[in-house]
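Chemist: Structure incoming, see below.
The values are calculated or read from the model by the stated rules, or taken from the named source; none is laboratory data. In this text, all values refer to a predicted model and were calculated from it rather than measured experimentally. No Cβ is skipped: glycine too gets one built from the backbone with ideal geometry, and neighbour counts run over all protein chains shown.
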Amino acid sequence: MPLMFLNGTAMAGGADHHLVGGAPLVTATTTAPRYRFHAVGGRYPALEDVGEGGAAVQGEVYDLSYEQLREVLLPGEPDGLELGVIEMADGTGSLAMILRRGYPVLPDLTDISELASWRAYLDQK
């Protein structure tokens with residue numbers, strides 16, 4: 001089953017955690033330090049791969065079934081995100097929702113890389 005890195009509203013305790021269903025939490029961890037982390041219109045987070053000079057973003061990895069991913073989680077994601085593969089802190093890969101490249105109608109992006117956590121961003125709002 002695919003591993004899915006979640007770093008926003010679908011994490012444990014978040015408003016969209018129900019989209020994960022009964023998928024088991026594998027670990028709480030961070031990405032490799034190669035991502036800028038954005039708040040998109042203040043509503044949801046997005047990872048952007050910048051290579052060097054990025055941040056290690058906090059999140060949770062779940063072991064989802066393909067059915068849960070395809071039928072429940074992905075349809076619940078906002079238009080500004082797309083499914084991608086990211087690098088984790090330990091060098092392994094994981095599926096994740098990333099900032100949609102070239103998307104013409106993204107709301108304002110606020111760089112929250114310094115916080116590296118959606119929960120920390122929400123706490124300071």
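Chemist: Of the residues 22, 80, 8, 42, which is within 21 Å of residue 113 (Cα to Cα) and without any contact (Cβ under 8 Å) to a residue 60 or more places away in the chain?
Modeler: Step by step, each of 22, 80, 8, 42 is checked, and only 80 is within 21 Å of residue 113 (Cα to Cα) and without any contact (Cβ under 8 Å) to a residue 60 or more places away in the chain.
Chemist: For residue 121, are the conditions met, namely being within 25 Å of residue 1 (Cβ to Cβ) and either of a type outside the set (Lys, Arg) or loosely packed, with under 15 Cβ neighbours inside 10 Å (or both)?
Modeler: No, not satisfied.
Chemist: Go through 47, 81, 74, 109 for me and flag whichever is surrounded by 13 or more Cβ atoms within 10 Å (Cβ to Cβ) and either at positive phi or at pLDDT 95 or above (or both).
Modeler: Answer to the check: 47.
Chemist: With the condition kept exactly as written, say whether any residue in segment 32-41 is closer than 23 Å to residue 123 by Cα, modelled with pLDDT under 95 and surrounded by fewer than 20 Cβ atoms within 10 Å (Cβ to Cβ).
Modeler: yes
Chemist: Would you mind stating whether residue 25 is at pLDDT below 95 and closer than 19 Å to residue 3 by Cα?
Modeler: No.
Chemist: Same structure, new question: Which numbered condition in (1) hydroxyl-bearing (Ser, Thr, Tyr); (2) modelled with pLDDT of 95 or more; (3) surrounded by 20 or more Cβ atoms within 10 Å (Cβ to Cβ) is the only one that residue 92 fails?
Modeler: In the conditions (1) hydroxyl-bearing (Ser, Thr, Tyr); (2) modelled with pLDDT of 95 or more; (3) surrounded by 20 or more Cβ atoms within 10 Å (Cβ to Cβ), residue 92 misses (3) alone.
Chemist: With the requirement that a residue be at pLDDT 95 or above and surrounded by fewer than 19 Cβ atoms within 10 Å (Cβ to Cβ), what does segment 1-12 give you?
Modeler: Scanning segment 1-12 gives 3, 12.
Chemist: What's the number of the condition residue 99 fails, among (1) loosely packed, with under 15 Cβ neighbours inside 10 Å; (2) touching a His at 6+ places or on another chain (Cβ under 9 Å)?
Modeler: So residue 99 meets the others, but not (1).
Chemist: Right, another one. Among the residues of segment 93-112, which ones are among the hydroxyl-bearing types (Ser, Thr, Tyr) and either farther than 16 Å from residue 47 by Cβ or part of a strand (DSSP E or B) (or both)?
Modeler: Scanning segment 93-112 gives 94, 110.
Chemist: What about residue 63, is it over 12 Å from the mean Cα position of the chain (by Cα) and in contact (Cβ under 8 Å) with a residue 60 or more places away in the chain?
Modeler: So residue 63 passes the test.
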